[in-house]
Amino acid sequence: MRLIDSIDTPRDLKRLSIAELETLASELRLLIIETVNRNGGHLASPLGVVELTLAIHYVFDIGTDKLIWDVGHQCYAHKLITGRRDLFATLRKLGGISGYPRISESPYDCFGTGHSSTSISAALGMAIARDMRGENHHVIAFIGDGAITGGMALEALSNAGHIGVNLMVILNDNEMSISRNTGALARYFNRMIMAEPYKRAKEDVGSFVKRLIGDRMTRTIQDLEKSVKGFITKGAFFQELGVNYVGPVDGHDLPLLIACLESLKTTKGPVLLHCRTEKGKGLKEAEEDPLTYHGIKPLSLKKHDSEGVPLPAREEQQHKEATSFTGAFAQALVEFAREDDRIVGITAAMPTGTGLTALEREFPDRFFDVGICEQHAVTLAGGLAVSGMRPVAAIYSTFLQRGYDQLIHDICIQNLPVVFAIDRAGLVGEDSPTQNGTFDLSYLRLVPNICVLAPRDDIDMRLMLRWALAQRGPVAIRYARSAAPTIGAPEGRDVTRGEILRNGDDAFFLSVGPVTGACLAAAEHLEREGYSIGVADARFVKPLDVALIDSLAGRPIITVEENTLEGGFGSAVLEHFAACGHLEGLRLLRLGVPDHFIEQGTREEQLRMCGLDCEGLAQSVRAFLGARVPYMVK
């Protein structure tokens, strides 16, 4: 019988010996690898924190004590030992457990996460509330070295040090976020790891460590110092913020971790324990290449190494990347950068996900990864633009939300020529509601000066990027996490206006983005039922191609978008007709993402849930054309 099968709650860990905990760690890693291979998901990150997870649950009473994960994609071992072992096979599946912490999923998930750099702020709020209510429990924030470079995390640390509240921050340092960390803070952590023991008197170091670990450890003080490369290091940065710093320690050494946590849990004021871990630990190839193995698609682990451990099929992944919107964007950007040395690329810790690694390879001096700092990325682009450069800021839709003030204040008010390449716009699949990019059309079209476009395919992607780079003001191009097959004739395209792809007498789909392909498929399907449905690709959300839209006004119109209906493309079309006084006799149906957060599932399942697949669109047309009201908005 596996040890994991006897762990139903974290309290079950407390009866295990250290040797049994280490056996359990191996079982957890194997189960994580097997499940992620079957379902897809994050791999290297959860593998790297197994011992840390066990040590936290062994020392603390999580459930009463509060554990807040940052981002949360590393919480798989946490889920397995908190009553979700039997549900773990449903990880990231429709109706299954999330790949991130969720309050609604378990009482052991005390705060939902998905974006980075939020944990310390949330933990500080919980610690303050605890003290105000006269309660007595521990609050622990678990944050990575990539996430702690985010401004919000540093703001929270500064506030915690100022208040002096009892709070533990565990810094998981593996020298990576998704890609290699960049920036001065990352270099600071690296220096601490490589530094000699702090230059204090030897007897002071020995007495401090002895007081910290007491008699729980059998190794000598000298062995301890050697094993963790200097237990006390130059944590002056944190000390100046008023946060007690200890570390770095070996994040895979269970006896050491348990001893440290036992001693530090009684420390007064905020304390930061700096743990050094290896991302991907337990999977040889993931240890050697944690970037490739950060997250994998289902059934990617097809080959095996010499020890029988499955490895990702990289060639297949690279082929899929090359045919995606991201791949089309990356290829076009490099091509245009060869022609214009003013073009630079900016990303916020997502060089691979946004495709900017291609630009980095060819033009490393014109590529900037600013770390998990979207606000800085946007204003940095503004500084480059006002100085005569042509910056392209490639940021996921859900993360650009965090740079919204900068987009308004620093870019659009000044009408600076920044191109926003908004990746993962729309529904993104299994990565939980926190990652869906279903709001950008709404929040972008509210802002003056910016143009907002949505390519339907790879050809549009390339042409729109070229057009955007020639503009004198800001342009946003939003595109999906999906394949980008060519839709319609590639020759003679004019991406500065919309395009009628199919004529129809009964109604017209008016779409933006890759959902145009589903509209064409639905129109063809409905033709077999006797309907004559046209399809027009609007291309622009702001400004609208009003000539195209007005030409359709005499027929029923169905707007289709992969964005929330509230304030999106359909709303823009409706507002246009209202402003022109053309509401009387208008028949308009808006289709898009409904007014609730869309749960995890495959992208195809999510589109089906929203009625944005071929069958869903066809059904909406049948119902709409059967209506007898002169004006209809859904």
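Other residues lying with their Cβ under 13 Å from the Cβ of residue 89 contribute a combined charge of +4, Lys and Arg counting +1, Asp and Glu -1.
The distance from the alpha carbon centre of region 399-464 to that of region 523-550 is 23 Å, rounded to a whole number. Could you tell me the ratio Rg/Rh of region 320-478? Both radii from Cα atoms, Rh via Kirkwood. Ratio of gyration radius to Kirkwood radius for region 320-478: 0.92. Applying 1/(1 + (r/R0)^6) with r as the Cβ-Cβ distance of residue 266 and residue 104 and R0 = 51 angstrom yields a FRET efficiency of 0.95. When you count the other C-beta atoms within 10 angstrom of each residue and take the mean per peptide, 489-498, 18-27, 253-262 line up highest first as 253-262, 18-27, 489-498. Looking at region 352-440, none of the GluC sites (Glu not before Pro) sits in a DSSP loop with at most 13 other Cβ atoms within 10 Å of its own Cβ.
Oblate is the label for region 499-625, because the ratio a/c of its alpha-carbon gyration tensor axes (a ≥ b ≥ c) is 1.5 or higher and a/b is not greater than b/c.
Under 5 Å between amide hydrogens, built in the peptide plane, is the criterion, and for residue 476 it picks out 420, 451, 452, 453 among residues at least 5 positions away or on other chains. Peptide packing for 603-616, 269-282, 346-359, 133-146 was compared via the average number of neighbouring C-beta atoms within 10 Å per residue; ordered from the highest value, the list is 346-359, 269-282, 133-146, 603-616. Label positions at residue 133 and residue 446, each projected 7 Å from the Cα along the C-beta direction, are separated by 3.2 nm.
Ranked from highest to lowest mean number of other Cβ atoms within 10 Å per residue, what is the order of the peptides 576-586, 31-41, 104-114? Spell out each step's value before the answer.
On the way: 576-586: 12.5, 31-41: 20.0, 104-114: 18.2.
Highest-to-lowest ranking by the protection proxy: 31-41, 104-114, 576-586.
Each of 443, 353, 368 was scored by the projection of its Cα onto the charge dipole of region 320-478, and the greatest displacement toward the positive side belongs to 443; charges sit on the C-beta of Lys, Arg, Asp and Glu.
Taking θ as phi - 60° and the Karplus parameters 6.51, -1.76 and 1.60, the scalar couplings of region 119-130 work out to 5, 5, 4, 5, 5, 5, x, 5, 5, 5, 4, 4 Hz in sequence order, x denoting glycine and proline.
Grab the other residues whose beta carbon is less than 14 angstrom from that of residue 341, score K and R as +1, D and E as -1, and report the net. It would help to have the intermediate numbers written out before the result.
Values: positive: 338, 342, 366, 390; negative: 335, 339, 340, 362, 365.
Taking every other residue near residue 341 into account, the sum is -1.
A cut-off under 10 angstrom between Cβ atoms defines the neighbours of residue 378, and their net charge, with Lys, Arg +1 and Asp, Glu -1, is -2. Simple point charges give the picture: +1 on the Cβ of Lys and Arg, -1 on the Cβ of Asp and Glu, and for region 320-478 a dipole about the Cα centre of about 360 debye.
Throughout, read-outs are computed from the coordinates displayed, never taken from laboratory work. Nothing here was measured: the structure is a model prediction, and the numbers come from that model. Ideal geometry is used to build each Cβ from the backbone, glycine not excepted, and the neighbour counts take in all protein chains shown.
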